[in-house]
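Student: After the structure tokens below, expect a handful of questions from me.
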Amino acid sequence: MSQDTKRLLAILTAQPVVPVVAVDSAAQGVLLARALIAGGIGSIEVTLRTPAGLEAIAAIAAEVPEMVCGAGTILTPKQFEQAEKAGAEFIVSPGATVEILDAARNSDVPLLPGSATPSEMMAMLQEGYEVLKFFPAEQVGGAALLKSIAPVIPQIKFCPTGGISMKNVGDYLKLPNVLCVGGSWLAPKDKVAAGDWDAISALAAEASGLRDAA
């Protein structure tokens, strides 16, 4: 098992849900991180879907050091490098390209590459990746697909993301090849925009207890 795999396992097994968020400012990212911490969630994936993504990662790393902050929606080696410089502790990509894999080889920050098909999973396994993002989870077969994959490619563990909510999260967490899930429902856009941090802390507290209920 590689050092990167060990680091990813430590991050992803620490909680049942990793919030996948997009923020409009660095300050908003810091407040959101603090609200999630208050609810018992200690890791976050800040996506680069907004211009504030990199600044938010840097601010969270500096001001909320107890939060393990990763960077998501990494599509290019340049974004990988930018996220690493901003202080991201892990990198998440919706898929995997030769260029992204090369960037990961030259970095100390672990990569969680995305996969959606058995062929992609096999290719990633050959590249030495035993922990993958399964994306977009619900749209490509959901928990049923992962259940069927478990006995065929048992070496790989997943963090499914995409279309997961409190309604179906239990279907994923009960699977032997699922470490955790990625979820945007912990940081609803309306709650974040309104600064309703108590509501977000409550959602985080509910999510942090899911492992016991699975």
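The values are calculated or read from the model by the stated rules, or taken from the named source; none is laboratory data. Because the structure is predicted, anything quoted here is derived from the model rather than measured. Backbone-built Cβ (ideal geometry, glycine too); neighbour counts: all protein chains shown.
Student: Sort out which residues of the stretch 154-180 are among the hydrophobic types (A, V, I, L, M, F, W, C), over 14 Å from P113 (Cα atoms) and within 14 Å of the chain's Cα centre (by Cα), and write them in order of number.
Tutor: Of everything in the stretch 154-180, those that are among the hydrophobic types (A, V, I, L, M, F, W, C), over 14 Å from P113 (Cα atoms) and within 14 Å of the chain's Cα centre (by Cα) turn out to be I164, V178, L179, C180.
Student: Which one of the conditions (1) surrounded by fewer than 20 Cβ atoms within 10 Å (Cβ to Cβ); (2) in a helix (DSSP H, G or I) does P136 fail to meet, given that it meets all the rest?
Tutor: (2) is the only condition that P136 fails.
Student: What are the pairs, 6+ residues apart or on separate chains, where a residue within the stretch 127-155 that is touching a residue at least 60 places away in the same chain (Cβ under 8 Å) has its Cβ under 6 Å from a residue that is polar (S, T, N, Q)?
Tutor: Sorted first by the residue in the stretch 127-155, then by its partner, the pairs are E130/T5; E130/Q155; V131/T5.
Student: Criterion first (part of a helix (DSSP H, G or I) and buried (at least 22 other Cβ atoms within 10 Å of the Cβ)) does A143 satisfy it?
Tutor: The answer is yes for A143.
Student: Further question on the same structure: Out of D198, D190, which single residue is out of contact with any Pro (no Cβ under 8 Å at 6 or more places or on another chain), without any contact (Cβ under 8 Å) to a residue 24 or more places away in the chain and part of a helix (DSSP H, G or I)?
Tutor: D190
Student: Among the residues of the stretch 83-109 satisfying the criterion of being in contact with a Gly (Cβ under 9 Å, 6 or more places away or on another chain), of a type outside the set (A, V, I, L, M, F, W, C) and not in a strand (DSSP E or B), which is surrounded by the most Cβ atoms within 10 Å (Cβ to Cβ)?
Tutor: Step by step, filter the stretch 83-109, then rank; the result is E89.
Student: To continue, here is another question. Need the failing condition index for L175 against (1) assigned to a helix (DSSP H, G or I); (2) surrounded by 16 or more Cβ atoms within 10 Å (Cβ to Cβ), just the number.
Tutor: The failed condition is (1).
Student: While we're on this one: Give the residue, chosen from I37, I60, I41, I11, that is part of a loop (DSSP other than H, G, I, E, B) and either at pLDDT below 95 or not acidic (D, E) (or both).
Tutor: I41
Student: When the stretch 152-172 is examined, which residues are found to be assigned to a loop (DSSP other than H, G, I, E, B) and under 20 Å from E127 (Cα atoms)?
Tutor: Step one: of the stretch 152-172, the residues assigned to a loop (DSSP other than H, G, I, E, B) are 152-156, 162-168.
Scanning the stretch 152-172 gives V152, I153, P154, Q155, I156.
Student: Take the residues in the stretch 178-190 that are in contact with a strand residue (DSSP E or B) (Cβ under 6 Å, 6 or more places away or on another chain) and closer than 18 Å to G39 by Cα, then tell me which one is surrounded by the fewest Cβ atoms within 10 Å (Cβ to Cβ).
Tutor: S184
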